[in-house]
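Single-structure report; data block below.
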Amino acid sequence: VRVSETAAPAVWCRECHAEQQASPRSRIASQLVASGGPTYSKMAYAASAALMELRVHMCQNSVASKGVRDFWLKNYSAIKGANMKLPILLRESAGTQAKLTAAYAGGKESSVAVDGISEAEFGEKLAKMMKGP
């Protein structure tokens, strides 16, 4: 079969592309696509060059993880937009205590318990960890 040189390339519609971007692996991931605009500026969450990865563990139902879940629903797109190459891993597991872990260059890791804190408090802790060790 010979492909014509004038054939148009395949194009994804905006809705299909958004569905491809949001993997059904977690409830938060699907809600991130549909969430409203960010509440924090991109510059507030620009990561240091030493930051290699962010991991967030949380429970998808518990009241103690509500501040963390709400923060990510409102601010994921702004943070990811400011740090396109930074892996941000949101891990949901029933009964898990909320924890924020940052992995830095040279193998150093730093973790902080964020169980039971508000969105604003989580934002402050995240900004501090993104500046580096």
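Read-outs: derived from the displayed coordinates by stated rules, not from any lab. These figures come from a predicted structure and were not determined experimentally. Glycine gets a Cβ as well: all are built from the backbone with ideal geometry, and neighbour counts include every protein chain shown.
List of remarks:
- Rounded to the nearest 5, the antiparallel percentage of DSSP beta bridges internal to region 51-131 is 70%.
- Neighbour cut-off at most 12 other Cβ (10 Å), DSSP loop, chymotrypsin sites (Phe, Trp or Tyr not before Pro), region 36-133: none
- Candidates G106, G67, A82 compared by Cα position along the dipole of region 52-115: farthest toward the positive end lies A82, with charges placed on Cβ.
- Listed peptides 57-65, 109-117 by packing density, highest first (mean Cβ within 10 Å): 57-65, 109-117
- In a DSSP loop and with at most 16 other Cβ atoms within 10 Å, the trypsin sites (Lys or Arg not before Pro) in region 49-133 are K85, K108, K131.
- The charge dipole of region 42-103, taken about its Cα centre with unit charges on the Cβ atoms of Lys, Arg (+1), Asp and Glu (-1) only, comes to about 80 debye.
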